[in-house]
Amino acid sequence: MDRELKADAGGYARRAPIEQKLDPFKGIVGARLEVYPKLTAQRLYEEVRTAGYPGSYGSVRVYVHQVRPRETTSRSGGTVRDAPGAPGPSELRML
């Protein structure tokens, strides 16, 4: 069964974005994170609740995770590797 696919046939148009409950409060969250980048999502949720946010904590948590400034340090904590050719820990056990 051969079918010809046409680019314009049966396509769906992209919907306009739906305004979320958090949208009017994103400015508050962003401003607080700029000044205090380590604020918890719980603390930010409490602040937007007092400003009138009617939504859930989960929505705030997801948004904070998306916009929080990333730390530039490495996950390994900056450990220094041994020099090339030096015996590793497993080789030292054999000695």
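Quick notes
- Entry note, region 18-69: relative contact order of 46 percent, from Cα contacts under 8 Å with a spacing of 6+ residues.
- The gain in end-to-end length when the ARG14 to THR50 segment is fully stretched comes to 9.5 nm, 0.36 nm per residue minus the alpha carbon separation.
- Surface/4 estimate of mean projected area, convex hull on alpha-carbon atoms of region 18-69, nm²: 3.2 nm²
Quick note: the coordinates plus some simple rules give every number you see, no bench work behind them. Predicted, not measured: the structure shown is a model, and the values here were computed from it.
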